[in-house]
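Laboratory data are not the source of any read-out in this text; all were calculated from the coordinates shown. What you are looking at is a predicted structure, and each value in this text was computed from that prediction instead of being measured. Cβ: placed from backbone, ideal geometry, glycine included. Neighbour counts: every protein chain shown.
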Amino acid sequence: MGKGSSPLSLNPMNIYIALVLTIISNTFANTLIKVAMNKADKTQGLINQYLFNPYFIAGVILFALSLISYSITLTKMKLSVAYPVIISACFVLVVFISWFYLKERISLIQLTGIALIVIGIWLVLK
């Protein structure tokens, strides 16, 4: 390594790692918040439902991680590329996890939309 460089320097590969980390942490943060709300004790006050719910706390931590990795991504990637890719990829992953883990129904129209989003991600990254 050259003088002044570190293993965590912002080379292109690290930016893509930050991008993927943003997508994964945001996707799982949203999923955990949903799980927290599904498991929330409706007889408790809202503060108790949030502050003492481990799923909610984990979701908030993952949102914070997502914000940090997103900020790192934006140091080297255009906003006009990073934001659409992150949001679109999160959308696709959230729908898949909602179907697989939360047992939500996904319609043919939704699947068609997801296919179009994936094509859109590919086009934006070109």
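Numbers at a glance
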item	result
Residues whose placed amide H lies under 5 Å from that of residue 104, excluding near-sequence neighbours	99
Cα→Cβ-extended label distance, 7 Å offset, between residue 16 and residue 110, nm	3.1
Residue-averaged 222 nm ellipticity for the chain, from DSSP H runs of 4+ at -39500 (n - 2.57), nearest 500	-26000 deg cm²/dmol
Farthest positive-ward along the chain dipole, Cα basis, beta-carbon charges - from 94, 80, 44	80
Fluctuation leader among 95, 81, 20 - the chain, Gaussian network, Cα springs under 10 angstrom	81
Semi-axis lengths (Å, descending) of the ellipsoid that matches the C-alpha gyration tensor of the chain	30, 23, 10
Calculated FRET efficiency for the pair residue 122/residue 71, C-beta based, R₀ 25 Å, to 0.05	0.50
Contour excess over end-to-end distance, with Cα ends at residue 91 and residue 51 and 0.36 nm allotted per residue	11.7 nm
